[in-house]
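To start, the structure itself, in structure tokens.
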Amino acid sequence: MQEYTFKKSYEFFEKAKTVVPNGITGPRTPLFHAYGSVPVFLEGGKGAHITDVDGNEYVDYMCAFGAVALGYGHPKVEEAYRKQVEKGNCMPMPSLRWVELAEALVELAPGMSWVIYGKNGSDVTTYATQVARVQTGRKGIVIAEHAYHGLHHWCMENRNGMLEESRAYVYKFNFNDLKDLDRILTEHKGEIAGIMLTPYQHLVMKDQIMPAPGFYEGVRKLCDRDGIVLMMDDIRCGFRINLHGSHLHFGADPDLICFGKALGNGYPISTCLGKPSLKEAASKVYFSATHFYSAGPMAAALAVLKIMKEEGAVERMTDLGTRLGQGLEARAEAIGLKIRYTGFPSMPYMIIEGDTDLSRNRYFCGEMAKRGVFFHPHHNMFVSAALTEKDLQKTLDTAEVCLKLTKQNFS
Ligand code: PMP
């Protein structure tokens, strides 16, 4: 097979650098990938496939960093979106989709009775902290060490251009460590408004860590003891682990839930849902931006929820991801390599054992890309519900070749 080349991608990356600081901002830069061996710019996406500007096609395992769970251009989502925007999208008042989607979400997530909308995950995670602060009249927010809850100043780890003061009253504990959490709550007794957690720990460049048995029961007890609001940041995992909220899979009982990414299957929409006890506090938080009210993404989200249920998308992604992991592990073992496939099966992160600087992973992912499979060496990946058996087979066959190459190259 002819290996892919990426001439046009990198020519345009050079051009991009002249007109955009760093060429591409954030984790989508090729510098955070297998630089030189992966595409930089894409032409299109259909189902579980993406096509780059050099005309190469890939089976995609990033799903737009989780935003497109049902596959690119899902016909029913596209139809719902198109029909809505033909009537109206960005208007001075919301459309009826505003109410219909809120009803659908409240119906979906047990115990939740109200909903607000944003565009990105960051909008609603920040909003959740405001609701917690209004509810309790306290300042403190507790998050897990290195957890990503978006790019707002209170939680972003890269502090360039941000005031140190903007993360005052934010305290960090080690995920899964109830003693450490209790230590913070005790040190700041009566000062903590809320605890925000992702359903499990999905940090970049690290094995993914599931909640320990009893962790969420312990967190809930501490919240109840101290009158603290528990916020679930389900932006990344949402609609991939359990259609009704990932917390249900892990036995958590949050007061507020943030969803985003997969909800719009690529159209921008995020939401925060809350228990009835927080509705009054929620009503006191000012929350508005020009595009928060757009009808198209809401119509898309309504279609997404319906399709996910009808097509059993969560179960399908879980099954595909499980078989992907088993297949990768078996192929690695057959050639004397050991891999670690961690995280929920449909959102896996793969590391080759002993690869302390991830150079093997970068090489492996680069060789995969050259052969038409788009993996990521640093960020957890995402399995699309649109992935076919043929795609999975191609992925495993390609992985076999690339694992062998990796072994040879690093022996
Ligand atoms: N929380 C989590 C867990 C995320 O993964 C992300 C995005 N990667 C965010 C919040 C922020 O979402 P957004 O990028 O849509 O603002």
Residue match in region 196-203 (condition: farther than 18 Å from residue 235 by Cβ and surrounded by 13 or more Cβ atoms within 10 Å (Cβ to Cβ)): no
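Among the residues of region 107-121, write down those that are free of Cβ contacts under 8 Å to residues at least 60 places away in the same chain and either of a type in the set (Gly, Ala, Ser) or on the phi > 0 side of the Ramachandran plot (or both).
none
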Residue within region 191-204 that is in a loop (DSSP other than H, G, I, E, B), within 16 Å of the ligand (Cβ to nearest atom), more than 30 Å from residue 353 (Cβ to Cβ) and modelled with pLDDT of 95 or more present: no
Criterion (more than 10 Å from the ligand (Cβ to nearest atom), modelled with pLDDT of 95 or more and surrounded by 24 or more Cβ atoms within 10 Å (Cβ to Cβ)) met by exactly one of 248, 273, 243: 273
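Being away from the ligand (no atom under 13 Å from the Cβ) and surrounded by fewer than 18 Cβ atoms within 10 Å (Cβ to Cβ) is the filter here; which residues of region 135-152 pass it?
Once the filter is applied, which keeps residues that are away from the ligand (no atom under 13 Å from the Cβ) and surrounded by fewer than 18 Cβ atoms within 10 Å (Cβ to Cβ), region 135-152 yields 137, 139, 145.
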From the options 83, 87, residue that is of a type in the set (D, E, K, R), more than 21 Å from residue 310 (Cβ to Cβ) and touching a residue at least 12 places away in the same chain (Cβ under 8 Å): 87
Near pairs, Cβ below 9 angstrom, 6+ apart or cross-chain, from region 203-225 (assigned by TED's automatic domain parsing to the domain that holds residue 179) to any residue that is surrounded by fewer than 18 Cβ atoms within 10 Å (Cβ to Cβ) and basic (Lys, Arg): 207/340
Residue that is nearest to residue 65 (Cα to Cα), among those in region 224-238 that are away from the ligand (no atom under 15 Å from the Cβ) and crowded, with 21+ Cβ neighbours inside 10 Å: 230
Number of the exception - residue 215 against (1) within 15 Å of the ligand (Cβ to nearest atom); (2) out of contact with any Ser or Thr (no Cβ under 7 Å at 6 or more places or on another chain); (3) closer than 15 Å to residue 254 by Cα: (1)
Pair list, Cβ < 7 Å and 6+ apart or interchain, from region 6-24 residues that are in the same structural domain as residue 52 (by TED's automatic domain parsing) to residues that are small (Gly, Ala, Ser) and assigned to a loop (DSSP other than H, G, I, E, B): 13/23; 16/23; 17/23
Matching entry among 40, 59, 77, 68 (being without any contact (Cβ under 8 Å) to a residue 40 or more places away in the chain and buried (at least 21 other Cβ atoms within 10 Å of the Cβ)): 40
Those residues of region 324-350 which are buried (at least 16 other Cβ atoms within 10 Å of the Cβ), part of a helix (DSSP H, G or I) and out of contact with any Ser or Thr (no Cβ under 7 Å at 6 or more places or on another chain), in sequence order: 325, 327, 328, 329, 331, 332
Conditions (1) farther than 20 Å from residue 126 by Cβ; (2) free of Cβ contacts under 8 Å to residues at least 60 places away in the same chain; (3) of a type in the set (Gly, Ala, Ser); (4) buried (at least 24 other Cβ atoms within 10 Å of the Cβ): number failed by residue 299: (2)
Cβ pairs under 6 Å, 6+ apart, first in region 250-267 and without any contact (Cβ under 8 Å) to a residue 60 or more places away in the chain, second within 11 Å of the ligand (Cβ to nearest atom) and part of a strand (DSSP E or B): 254/232
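The values are calculated or read from the model by the stated rules, or taken from the named source; none is laboratory data. What you are looking at is a predicted structure, and each value in this text was computed from that prediction instead of being measured. Backbone-built Cβ (ideal geometry, glycine too); neighbour counts: all protein chains shown.
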